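The values are calculated or read from the model by the stated rules, or taken from the named source; none is laboratory data. Quick caveat, the model's predicted, so the values are computed rather than measured. Using ideal geometry, Cβ is built from the backbone for each residue, glycine included, and neighbour counts are taken over all protein chains shown.
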Amino acid sequence: MYRHLTVLLGVLCIAPQAPADVAPHRSAPMLVSSNGKAVVGYDVATKRVSSFLEHPYQMRSDGSRTRDLAFDVYPGIRVGAPGTPGTWLSDVEPKSLGYESGTGIIVIERETAGVVAREYVFSPMSLQEHAFVSLVRVERKSGGAAAVDGFQLFNFHLGAGAPEPDALGETISWDGARDAWMEWGPSGLTLAYGALTKSTHHAASPDNPFSLVAAGGDLPDNAGTGASVDDAAAGLQWSLGSLADGQVAWFGSFVVLDATSNVAPRIDAVRAWAAARTPEQLLADEKADWTAWHKPAPAGLGALESALYQQSMAVLRMGQVSEAGKADGQILASMPPGMWNIAWVRDMAYAVVALTRAGHAAEAKRALEFQLNADSGKYQDYVGHPYQISITRYFGDGVEETDPNEDGPNIEYDGFGLFLWTLDEYVEASGDETNLKAWWPTVSAEVADTLVALQEPSGLIAADSSIWEVHWNGKQKHFAYTTITAANGLCRAARLAERVGDSARATTYRDAGRKARDALIASLSAPDGTIAQSLEELNSGSGFLDAAAIEGVGMGLLDPKGRAAKATLSAMQAKLVPPSARGFFRNDDGGWYDSQEWVFVDLRAAIAMRKMQEDAATPLLSWVTAQGSENFNLISELHDAQTADYRGEMPMVGFGAGAYAIAVTDRESPEDFIPCGDYAVEAGGAGGAGGAGGAGGSGASNGAKPDDDDGGCGCRLHGSPNSGALGALLLLGIAFLRRSWVRSEKRRGAR
């Protein structure tokens with residue numbers, strides 16, 4: 001069938017390219033580890049630590065940008081007596097690279113000069129400091145007995161500027177009593193990096209450890225720079241003795257940060273944490289900590305799924321900030337050093353639901369408390385009612401922030417419904433009615449009541465920026481996603497109200513939730529039944545297809561076997577599949593960002609498709625699993641529309657790890673919970689009137705106007721498609737053949 005379509009299209013324009021059979025492959029650029037205070041990043045391309053952040057989050061409300069202090073940090077090995085050139089391991093291609101499964105422990109194994117070196121980099125979960133450690137296990141594999149020395153090079157930038165300080169005016173000083181270097185500069189920060197196993201030698205600029213080791217020399221034990229210099233670096237050396245074939249030795253180091261000029265207590269805290277433990281024991285204890293934290297994975301997962309699920313849970317844990325004060329508990333949208341290390345309400349909701357369903361109630365509670373204690377309510381002029389949950393996201397210190405640009409702020413009402421969803425999930429799983437009662441005055445008056453106040457007579461929630469954040473100043477619309485989350489949240493708020501004995505509010509919330517649910521059909525249905533992105537797009541007659549609308553099925557509001565569900569999914573499959581033939585775009589608005597494969601959309605669509613008993617749900621989830629498996633069990637924001645390379649930020653936390661954990665849990669333990677008690681009514685199998693004015697448009701529309709239709713073939717057909725009988729016949733033929741091909745591909749599980 002596809003061959004015939006190609007011939008026909010070749011007559012009309014140009015022969016299209018067959019959908020690429022893109023295989024799962026590695027393209028992730030970074031591995032990260034965090035204890036909720038510090039974040040360390042390992043660069044895949046340069047094979048070294050290249051990132052160390054002073055905070056997990058991007059910015060405090062005072063405008064202070066989080067600084068990334070590392071230029072590069074990596075170990076080295078010398079096999080033989082002094083004079084034998086050493087090897088910096090960043091120059092050796094890893095034999096293997098990844099995580100200890102289900103942990104934040106990054107493992108890099110290399111082999112050089114008959115020695116296998118296995119490096120472990122992580123920010124210890126039990127260490128309450130902004131710190132990370134590097135432990136190196138060396139094993140003599142061949143070549144007979146030889147002297148082996150280990151090295152570690154430290155190159156940080158503590159000059160002025162943010163988020164990446166320069167390297168000007170740095171000072172490094174040796175503290176022999178603590179077996180550690182201290183470094184400071186115009187940044188105002190102080191770092192210490194020292195030995196976890198007693199070092200043998202040390203050196204800093206002007207004695208450059210990099211060139212000394214490469215030339216075969218020992219580090220000369222100098223005292224440091226002696227004054228501020230530009231681009232200073234330092235190193236440590238460990239003489240491990242003569243190792244015969246099969247013998248093993250270890251060396252280890254730490255890096256710790258102080259926000260002022262007094263880093264000595266931070267060194268002492270690391271020493272107290274390490275105590276008398278060897279590097280091998282430190283590693284074993286870190287693994288044990290992760291094992292104790294994990295809960296059993298859902299039964300029925302395959303091997304790849306289980307590994308990705310466990311690492312996703314680890315990402316959720318690492319993505320939660322654990323600094324003291326109001327910062328504690330927030331969950332970032334992505335791990336740094338990417339740009340989405342910000343606590344969005346929406347991303348956090350999917351993370352909290354995943355943690356709750358996995359049995360991690362303590363972490364879920366901290367995220368809820370962070371939002372209930374945050375400094376919010378600053379945009380009441382936009383909302384029109386007192387509110388507590390941020391209308392967009394939070395600065396690192398818990399102050400509300402709206403991501404403004406030339407089109408004004410983002411004002412997103414979906415967060416209110418999403419928060420109510422997370423709270424209901426948490427209370428249902430934990431039975432924590434004590435805290436619910438304490439939180440209820442705020443939750444009812446400044447979250448649920450706020451949503452009720454935002455509901456219009458149609459049942460839709462007032463126009464906002466919603467999930468894809470279109471900003472304000474005329475950009476806001478009556479988005480389906482916002483009304484979907486409101487319907488789900490309000491019906492769940494009714495259950496919460498009943499738990500605390502607030503029967504009047506229970507009735508109000510349930511009625512409002514059902515009204516919002518029914519508005520999806522009554523106000524947002526296209527003539528073919530597709531749920532449109534927004535009322536405004538529907539009324540325009542085109543360009544209203546948005547994958548976010550499928551959440552109406554995923555959240556239990558629309559009948560999975562009903563007309564709306566089937567039409568919405570059919571439109572997505574017809575118009576939102578990228579050239580890679582994998583997953584979905586987020587909508588048909590065009591532009592690079594919208595038109596990549598969105599992994600979050602894939603995962604939420606897979607849930608809806610399972611409820612609809614669609615065969616394509618399994619291959620879609622399998623695709624995300626296989627891609628994650630190839631990429632260190634981390635999930636990216638996007639896959640490139642052509643190649644499926646990782647794009648956007650990674651690892652994603654709520655929209656990645658959280659959404660994946662929910663998807664596999666939902667598949668293995670389907671509750672198919674209907675929050676409002678029943679589905680939206682689809683009278684006579686027909687959808688609503690298509691919004692105000694009865695505006696039409698096909699759910700499969702890609703936004704093209706009738707007078708510049710591309711016929712669905714990817715090239716422009718000049719002139720009106722109604723300009724002649726032959727043109728009309730050709731267009732009908734194209735549509736028929738294309739539909740047949742899509743159905744054929746669907747049966748084969750191509751997606």
If you scan the range 127-147, which residues turn out to be buried (at least 17 other Cβ atoms within 10 Å of the Cβ) and part of a strand (DSSP E or B)? 131, 132, 133, 134, 135, 136, 137, 138, 139, 140, 146
In this structure, does residue 362 turn out to be free of Cβ contacts under 8 Å to residues at least 24 places away in the same chain and either surrounded by fewer than 21 Cβ atoms within 10 Å (Cβ to Cβ) or in a helix (DSSP H, G or I) (or both)? yes
Looking for something among the charged types (D, E, K, R) and either closer than 24 Å to residue 356 by Cα or in a strand (DSSP E or B) (or both) - is there at least one such residue anywhere in the range 444-458? yes
What do you reckon, is residue 382 part of a helix (DSSP H, G or I), within 21 Å of the chain's Cα centre (by Cα) and at pLDDT 95 or above? no
Residue 542 vs. criteria of a type in the set (S, T, N, Q) and farther than 21 Å from residue 611 by Cβ: yes
Starting from residues that are touching a helix residue (DSSP H, G or I) at 6+ places or on another chain (Cβ under 6 Å) and surrounded by fewer than 18 Cβ atoms within 10 Å (Cβ to Cβ), keep the ones in the range 300-336 and report whichever is nearest to residue 68 (Cα to Cα). 304
Return a yes/no flag: does the range 256-268 have any residue that is in a loop (DSSP other than H, G, I, E, B), out of contact with any helix residue (DSSP H, G or I) (no Cβ under 8 Å at 6 or more places or on another chain) and without any contact (Cβ under 8 Å) to a residue 40 or more places away in the chain. no
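Every residue, every condition in (1) surrounded by fewer than 19 Cβ atoms within 10 Å (Cβ to Cβ); (2) without any contact (Cβ under 8 Å) to a residue 60 or more places away in the chain, yes or no:
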site: 390; (1), (2): no, yes
site: 401; (1), (2): no, no
site: 412; (1), (2): no, no
site: 416; (1), (2): no, no
site: 422; (1), (2): no, no
site: 438; (1), (2): yes, yes
site: 453; (1), (2): yes, no
Looking only at the range 476-528, count every residue that is touching a strand residue (DSSP E or B) at 6+ places or on another chain (Cβ under 8 Å) and among the charged types (D, E, K, R) and tell me the total. 2
Of the conditions (1) at pLDDT 95 or above; (2) closer than 29 Å to residue 524 by Cβ; (3) buried (at least 16 other Cβ atoms within 10 Å of the Cβ), residue 593 satisfies every one except a single condition; which number is it? (3)
Pairs where the first residue, in the range 488-508, is at positive phi and among the charged types (D, E, K, R) and the second is in a helix (DSSP H, G or I) and surrounded by fewer than 17 Cβ atoms within 10 Å (Cβ to Cβ), C-beta under 7 Å, 6+ apart: none
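Looking at 79, 44, which is the one that is in contact (Cβ under 8 Å) with a residue 24 or more places away in the chain, under 19 Å from the mean Cα position of the chain (by Cα), closer than 29 Å to residue 138 by Cβ and surrounded by fewer than 22 Cβ atoms within 10 Å (Cβ to Cβ)? Reasoning before the result, please.
Numbers: 79 fails: under 19 Å from the mean Cα position of the chain (by Cα).
Every option except 44 fails the conditions.
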Can you name every residue in the range 646-673 that is aliphatic (A, V, I, L, M) and not in a helix (DSSP H, G or I)? 650, 652
Given the conditions (1) in contact with a Pro (Cβ under 8 Å, 6 or more places away or on another chain); (2) on the phi > 0 side of the Ramachandran plot, every one holds for residue 158 apart from (2)
Matching residues, the range 584-606, being under 19 Å from residue 560 (Cα atoms) and of a type in the set (A, V, I, L, M): 601, 603, 605, 606
So in the range 269-288, with the set limited to residues that are in a loop (DSSP other than H, G, I, E, B) and of a type in the set (Gly, Ala, Ser), which one is nearest to the chain's Cα centre (by Cα)? 275
Being of a type in the set (A, V, I, L, M, F, W, C) and over 38 Å from the mean Cα position of the chain (by Cα) narrows 214, 160, 180 down to just 214
Scanning the range 623-641 for residues that are of a type outside the set (Ser, Thr, Tyr) and part of a helix (DSSP H, G or I), which turns out nearest to residue 660 (Cα to Cα)? 624
Of all helices (runs of 4 or more DSSP H) fully inside the range 469-585, the set with 2 or more residues that are under 30 Å from residue 635 (Cα atoms), over 23 Å from the mean Cα position of the chain (by Cα) and charged (D, E, K, R) is 563-575
Out of the residues in the range 394-443 that are among the acidic types (Asp, Glu) and assigned to a helix (DSSP H, G or I), which is farthest from the chain's Cα centre (by Cα)? 433
Going by the conditions given, is residue 404 touching a Phe, Trp or Tyr at 6+ places or on another chain (Cβ under 8 Å) and farther than 16 Å from residue 330 by Cα? no
Could you grab me the full set of residues in the range 657-682 that are surrounded by fewer than 19 Cβ atoms within 10 Å (Cβ to Cβ) and either touching a strand residue (DSSP E or B) at 6+ places or on another chain (Cβ under 6 Å) or of a type in the set (Phe, Trp, Tyr) (or both)? 673
What tally of residues in the range 309-359 results from selecting those that are in a helix (DSSP H, G or I) and either small (Gly, Ala, Ser) or free of Cβ contacts under 8 Å to residues at least 24 places away in the same chain (or both)? 7
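Could you grab me the full set of residues in the range 541-565 that are farther than 23 Å from residue 670 by Cα and at pLDDT 95 or above?
Once the filter is applied, which keeps residues that are farther than 23 Å from residue 670 by Cα and at pLDDT 95 or above, the range 541-565 yields 544, 545, 546.
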Candidates 161, 194, 169 - the one that is surrounded by fewer than 16 Cβ atoms within 10 Å (Cβ to Cβ) and of a type outside the set (Asp, Glu): 161
Exclusive hit being surrounded by 13 or more Cβ atoms within 10 Å (Cβ to Cβ), out of contact with any Cys (no Cβ under 8 Å at 6 or more places or on another chain) and under 22 Å from residue 136 (Cα atoms), set 235, 241, 226: 235
Any chance residue 377 is of a type outside the set (A, V, I, L, M, F, W, C), farther than 24 Å from residue 36 by Cα, touching a residue at least 40 places away in the same chain (Cβ under 8 Å) and not in a loop (DSSP other than H, G, I, E, B): no
